[in-house]
Structures are given as structure tokens and as C-alpha cells.
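Reading through the C-alpha cells given below for one structure.
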Amino acid sequence: MSKQDLAKQRAAEAALEFLPDGEVIGVGTGSTVNYFIDCLGAARQRIAGAVASSVASAEKLAAQGIELVELNSVGTLSIYIDGADEATQHRQLIKGGGGALTREKIIAAASRKFVCIADESKLVGRLGTFPVPVEVIPMARSYVARQIVALGGRPTYRAGFVTDNGNIILDIHGMDILEPTQLEQTLNNIAGVVSNGLFAARGADLLLIGTSDGVRRIG
Ligand code: 5RP
């Protein structure tokens, strides 16, 4: 296993400490979360089930014998566990590298505590080296792209990718993200945008950062 994968696995294992006994939890998407789902298999008796942020995670959870629950059939979740593409010390994030950003944002919003698990390569001083994913209604693709250019970004179409919601992704490169919360809102206000991968207004409550020595906690 690579050092980075080991760090992802460490962060994932550390999240087990936060499982609320007998409750339904929120589970995100990505390679770090896949390590978490692997661990969750052995701890499945502790939880009542999981709300998944993607079809891919739902399939993995089901394979571990974990009951899948619809978000509409539960109230506020006490915990949501998910990864990130970038994270700051202030626990603001870029997410959506795997294209599941909209469902991730919904579950994060519906959860009291968002525990973000990531390896140390994800920790950055300022967000924006990783392109910001934007989920867009297909017919609005060109319009949204022009609006993003007007904001100073370089949108690229994620060719051949369709989200679980049937939409497309534009990845925005080259944005100087000085005010993540403001940019998150500005992007959301473009007609045709479903959501964007800046998790700034509602960031993580706790970062578990896997390193070569162990797990660093921020928050
Ligand atoms: C998926 C996500 C993931 O959390 C993010 O891409 C990190 O993935 P990984 O754990 O594979 O590095 O936001 O939409």
C-alpha cells in the first residue's frame, strides 16, 4: 500500500470512534471513504444503517451488509463522514472530485456533525489549486461556462461524466479563492447551477488528517 493510501486508511479508521450507537449515519464518496466503508463492515452491528451520497457508496455499503436508508425517511443525522479534495485549517473544503458533490452537500447540511477524513496531501493554505467542480443542468452548460469565465475562472467540461442526478460537471480552474463563502454563493446563484464543490458556508466540523505518523485532528 502507498504512503498516501495508508494515510487515508488511518484517517478512515479514526472516524470509527465517532459512530453513534444504534443510529443511521451519513456516508460520503471516494477512495478515503471506501476505506471507511471497509472498516464499517466489521462495526455494522453498532449502527442502524447509512444514507449514502452516491450510487457507488451505496453499492459498497450494501456489500458490507449495511442497511441503506433514504435521507427522506430519517430526521437530522448526528454524523456525516466524507472525504475532501482540499481542506484548510478553517475546515473549509473543495469536494466533488468524484462528482457526488450535490448529494454530499445535502447530507452535510442535514447532519449535526461533519467529520472529514483525508490524507495530509489534502491540507492546503488556500483553496483553489484543485479545480472547483460545479454540477450543472445539461441545457445550461454553455451559459454557465460563460458566466464562470466572466468571474475569472477557466471551466472545463468533465467529458463523458454524468452525475447520479443526471447532470454534467464543469471543473473550474484558475480561480483565486480569497473569499470561499462568497464564491460558493455566487456560483450557486448562476441559473442552471445545481450546486458547487465549495464547502465553505457549511464546512467540516472536524478534520481527521491521516499522516505518516498517525492522525491529526483539526477542530
Ligand atoms: C467525491 C468527493 C470526495 O470526497 C473527494 O473527491 C475525495 O476523494 P478521495 O478520498 O478519493 O481523495 O468529494 O465527490
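Rule-based calculations on the coordinates, nothing more; no lab input. On a predicted model such as this, the values are computed, not experimentally measured, just so you know. A quick note on method: Cβ atoms are made from the backbone with ideal geometry, for glycine too, and the neighbour counts reach across all protein chains shown.
A count restricted to segment 60-82 and to residues that are under 18 Å from Phe18 (Cβ atoms) and among the acidic types (Asp, Glu) stands at 1. Only residues that are of a type in the set (Gly, Ala, Ser) and more than 14 Å from the ligand (Cβ to nearest atom) were counted across segment 15-41, and they come to 2. Tell me which residues, restricted to segment 105-147, are among the β-branched types (Val, Ile, Thr), surrounded by 19 or more Cβ atoms within 10 Å (Cβ to Cβ) and out of contact with any Ser or Thr (no Cβ under 9 Å at 6 or more places or on another chain). Of everything in segment 105-147, those that are among the β-branched types (Val, Ile, Thr), surrounded by 19 or more Cβ atoms within 10 Å (Cβ to Cβ) and out of contact with any Ser or Thr (no Cβ under 9 Å at 6 or more places or on another chain) turn out to be Val115, Val132, Val136, Val144. Every residue in segment 58-115 that is within 9 Å of the ligand (Cβ to nearest atom) and on the phi > 0 side of the Ramachandran plot, please. Within segment 58-115, Gly96, Gly99 qualify.
Which of the residues spanning segment 116-171 are aliphatic (A, V, I, L, M), within 20 Å of Thr88 (Cα to Cα) and either away from the ligand (no atom under 16 Å from the Cβ) or in a strand (DSSP E or B) (or both)? Result: Ile117, Ala118, Leu123, Val132, Val134.
Checking each residue in segment 91-108 for being under 19 Å from Asp119 (Cβ atoms) and either among the β-branched types (Val, Ile, Thr) or in a loop (DSSP other than H, G, I, E, B) (or both) picks out Arg91, Gln92, Ile94, Lys95, Gly96, Gly97, Gly98, Ala100. Listed here are the helices (runs of 4 or more DSSP H) enclosed by segment 1-87 that have at least 1 residues being touching a strand residue (DSSP E or B) at 6+ places or on another chain (Cβ under 8 Å), β-branched (Val, Ile, Thr) and over 16 Å from Lys113 (Cβ atoms): 31-42. Among the residues of segment 189-213, the ones that are surrounded by fewer than 24 Cβ atoms within 10 Å (Cβ to Cβ), within 29 Å of Asn167 (Cα to Cα) and of a type in the set (A, V, I, L, M, F, W, C) come to 6 in all.
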